[in-house]
Amino acid sequence: MRYISISRHNSLFCGSNAGAERTATLYSLAISCRLNNVNTYTYFKEVIQTLAEHPQMTDEQMRKLLPDKWAE
């Protein structure tokens, strides 16, 4: 519950609806990492690097980057 209240407080400073949607996406990914016992920092670092190296990815390739598949 602590993470939800922190997120609610931080969402006051998103700046716009689009910013709030991006924040919600990142928050969801971070919580998914936690549920799948994945180091959040390492996950984001490697996923961002992969996306930078391969900007044109298929949906199936993107699916493999989600925390539940990435942990395998």
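Side notes on the structure shown:
- The set of residues in region 55-72 that are surrounded by 12 or more Cβ atoms within 10 Å (Cβ to Cβ) and in a loop (DSSP other than H, G, I, E, B) comprises Met57, Lys64, Leu65, Leu66, Ala71.
- Test: residue in region 29-50 that is in a helix (DSSP H, G or I), of a type in the set (A, V, I, L, M), at pLDDT below 80 and touching a helix residue (DSSP H, G or I) at 6+ places or on another chain (Cβ under 7 Å): no
The values are calculated or read from the model by the stated rules, or taken from the named source; none is laboratory data. Predicted, not measured: the structure shown is a model, and the values here were computed from it. We place every Cβ from the backbone using ideal geometry, glycine too, and count neighbours over all the protein chains shown.
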